[in-house]
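What follows is a short report on a single structure.
Every read-out reported here was derived from the displayed coordinates using simple, explicitly stated rules and does not represent laboratory data. Computed from a predicted structure; not experimentally measured. Neighbour counts run over all protein chains shown; Cβ positions are idealised from the backbone, glycine included.
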Amino acid sequence: KIFVILICVSTLAMGCKTGNKTQTDSLRIDIANYKIEELSYNGKEFKVRAYQGIIYVKKTVDSIFHSMNIYIPEEYFNGKSINGYTAETAPIFYPNQVGGYMPAEPASTTGTKFMPPLNGNIPMNPQELKERENTVIVALSHGYVVASAGARGRTNKNTDGKYFGKAPAGLIDLKAGVRYLKYNDDILPGDANKIISNGTSAGGAMSALLGATGDNPDYLPYLKEIGAAETSDAIFASSDYCPITNLDNADKAYEWQYNGINEYKSGRGANSGASKLSENQIRVSADLKSQFPKYLNSLKLTDEQGNSLKLDENGEGSFKEFMKKQVLISANKAINEGNDLSMHSWLSIRNHQAIQIDWNGYVKYMERQKTPPAFDALDLSSAENMEFGTETIDKQHFTEYSKEHSLVENSKLADAKVIKMLNPMNYIGTSNTKTVQYWRIRHGSKDKDTALAISAILTLKLRNNGFDVDYLLPWDKPHSGDYDLAELFEWIDGIVK
Ligand code: DHB
């Protein structure tokens, strides 16, 4: 009791209302248990209270991947403000470190852990690794409270040989993390009604799912199973870098873009030797490409002016024109920022304005990275096949096409409900769901880990349902994230303040 009183006294400045939640409740944060970290960014030195390794669920199955780090600027414990934010108003930045649908540790203030996402065995370009700032530190220096949850992933296996991180486990964990922050909002500085999630690639997909599926009951049994706090998991905004999402349609989208490019480079940087598609892969590419228009048209998407965005059976039409326009917007931004793009023969530039794009030339310039089917591999060799495994089956298909054409005997198709739960497109604006209003979606104009259409479709579906999306294809960016934190934080400040 004395302990509780002491904690309440020490947190009086932020208003300690324990209500019917008790300090013996394992989901209540021990606010007195922190380490001071002295950080610096851009010449500014500052202190934060670091709460690290918090287990954010009651029935954890893993003490690393179910742990969370929370960092709070020291000023917020002294009644001060940073960048106009106070202990009551500071948003909570919620980055995840999921990459390749692998298990992820929570982000921290030390650089080595905050690695860019890895796609299984494809390392990022070392130059990019060096240039990367620690997102947590930059966010703290900007006045945000930063919380990051670990999450289970596709390779987690317990001592009984059972997998415990297959879909939708990683998403469930990130939702449970949100619930933990809300459950402790009365004790923790920062506003848990202003949680902004952030992620890249598979982590971008997770961030999109957090944004699309808030409080949807489909996920409840899984949240119960791990003993997540019984409160809302709806967030405030979703920042998604190159989300590798909409997996059950991504193979078609990839071939709509890359059909005809029969050479591929599956490595990055120094490992980028070229190989040729096999005859069978070329056939598969044509099959998948021909399926994309039907899917795209079924979405009934419209542009900002209400014009419908469609494709004919050859994959031509207003949706393709929309995509070209997005690349032109990106090119013109780059030109206006002083870049010379005249070396790209597939771009027509007049009076310092990119006015036309030769789509095939552009796609050739991007180069194909993946073999068809890009995600649901016929030999079950992809990261996504593993993501869709079960407790006892390591790898499964998740599309009818790949199941039918599988090269693996007795291969299985994942449960339709799990496939549904991992695709944000199924939840946007649906009943019983708190899809967030604010979105920021980025996909580099040279990012070929998934088709450009995937983030575009997500954007359009959101906009068509009345949500605000700040969407851009940053010029020539390869598969990466967090490369424009100043702009990201400007966007966050704009929606929060
Ligand atoms: C990631 C990249 C991929 O190409 C993919 O298929 C899945 C995940 C990633 O970087 O997280």
Sort 429-441, 382-394, 35-47 by the packing proxy (mean of other Cβ within 10 Å over each peptide's residues), most packed first.
382-394, 429-441, 35-47
Along the dipole axis of the chain (charges at Cβ: +1 for Lys and Arg, -1 for Asp and Glu; origin at the Cα centre), the most positive-end residue among LEU220, SER26, HIS142 is SER26
Mean Cα-pair separation over length for segment 401-472, i.e. relative contact order, pairs under 8 Å, 6 or more apart, %
31 percent
The chain: antiparallel bridges as % of DSSP beta bridges, rounded to 5, reads 55 percent
Restricting to DSSP H runs of at least four residues, report the calculated mean residue ellipticity at 222 nm for the chain, -39500 (n - 2.57) per run over all residues, nearest 500 deg cm²/dmol.
-9000 deg cm²/dmol
Test item: Cα-centred dipole of segment 355-497, Lys/Arg +1 and Asp/Glu -1 on Cβ, debye:
360 debye
Give the residues of segment 288-306 whose amide nitrogen is closer than 12 Å to a point set 7 Å from the Cα of LYS325 in the direction of its Cβ.
302-306
Can you give me the distance in nm between label points at GLU230 and GLN356, each placed 7 Å from the Cα along the Cα-to-Cβ direction?
6.5 nm
Simple Cβ-charge dipole of the chain, Lys/Arg +1 and Asp/Glu -1, about Cα centre, in debye nearest 20
420 debye
Gyration tensor (Cα only) of segment 230-351 to equivalent ellipsoid, semi-axes in Å sorted down, yields 26, 25, 20
Take peptides 95-106, 456-467, 355-366, 162-173 and line them up by average Cβ neighbours within 10 Å, highest first, as a rough protection proxy.
95-106, 162-173, 456-467, 355-366
Mean shadow area of the chain over all directions, Cα convex hull, nm²:
24.1 nm²
Mind ordering 307-320, 234-247, 178-191 by average Cβ neighbours within 10 Å, highest first?
234-247, 178-191, 307-320
Amide proton proximity set for TYR471, modelled H, under 5 Å, gap of 5+
ILE441
Just name one of SER411, ASN432, ALA377: the one whose Cα is farthest towards the positive end of the charge dipole of segment 376-497 (beta-carbon charges, Lys/Arg +1, Asp/Glu -1).
ASN432
Can you pull a Stokes-Einstein diffusion coefficient for segment 340-497 at 4 °C (1.567 mPa s), Rh from Kirkwood over Cα pairs, as a whole number of µm²/s?
69 µm²/s
Rounded to two decimals, what is the ratio between the C-alpha radius of gyration of segment 296-403 and 2.2 N^0.38 Å?
1.46
Give, rounded to the nearest 20 debye, the magnitude of the charge dipole that segment 268-340 has about its Cα centre when Lys and Arg contribute +1 at Cβ and Asp and Glu contribute -1 at Cβ.
220 debye
Label points 7 Å out from Cα along the Cβ direction at LYS497 and MET343: separation in nm?
3.9 nm
Quote the relative contact order of the chain in percent (integer), defining contacts as alpha-carbon pairs under 8 Å separated by 6+ residues.
16 percent
Along the charge dipole of the chain, Cβ charges K/R +1 and D/E -1, which of GLY306, ALA205, ALA250 sits furthest on the positive end?
ALA205
